[in-house]
Amino acid sequence: MQTRQEALRKLKKSRFRSSFHLKDKDFRYIEEKGMDTVRRHARDMIRKNLAPAVIPNDGKQTPMKGHPVFIARHATGTCCRSCLYKWYRVQQNTELTEEQQEKIVNLIMAWIEEEVLEHNRKEFAGVDM
């Protein structure tokens, strides 16, 4: 089984997955709400629209904008059960376990944390000392 870092490296090689990045409004949202709140939102989203065995609108349940977790889900291939199977071989039509859900949330949060670090690095590089 691959680690989070191995998964993130693999995703960066995909032209489509690597094209997703957080925008300024996403960074402001994270700063205002905090990472704990964003993690809580990720858990709720995964539990409600990825964990069930049958998802009526699979492939269309994750918007492309509006919340940092939405962007992260597309970037990490955790946006729908089809992508979850393609990237991680998680069987479709079976309910995700609590452990699987937590692994997905951890991957999403690792991606978001990398985005925040890169954003902060770029902001710091532009500051005159």
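Where the centre of each part is set by its Cα atoms, how far does the stretch 74-129 sit from the stretch 30-61, in angstrom?
11 Å
Go ahead and set up a Gaussian network model of the chain, Cα springs under 10 Å, then flag whichever of N106, N49, N57 fluctuates most.
It is N57.
Treat every Asp and Glu Cβ in the chain as -1 and every Lys and Arg Cβ as +1, leave all other atoms uncharged, and give the resulting dipole magnitude about the Cα centre to the nearest 20 debye.
Dipole of the chain, to the nearest 20 debye: 580 debye.
Can you list the HN-Hα couplings for the stretch 26-36, worked out from phi with the Karplus curve (6.51, -1.76, 1.60; θ = phi - 60°), rounded to whole Hz and with x for Gly and Pro?
5, 5, 5, 4, 4, 5, 5, 8, x, 5, 4
At 0.36 nm per residue, minus the direct Cα-Cα distance, what do K13 and T97 gain on full extension? Give it in nm, one decimal, please.
27.4 nm
With r defined as the distance between the Cβ atoms of R40 and K60 and R0 fixed at 35 Å, what FRET efficiency is calculated, to the nearest 0.05?
0.90
Sorted by packing (mean other beta-carbon atoms within 10 Å per residue), highest first, where do 65-71, 19-25, 6-12 land?
Packing order, densest peptide first, comes out as 65-71, 6-12, 19-25.
Read-outs throughout are calculated quantities, based only on the coordinates presented, and are distinct from any laboratory measurement. No experiment lies behind these values; they were computed from the predicted model shown. Note that each Cβ is placed from the backbone with ideal geometry, even for glycine, and that neighbours are counted across all protein chains shown.
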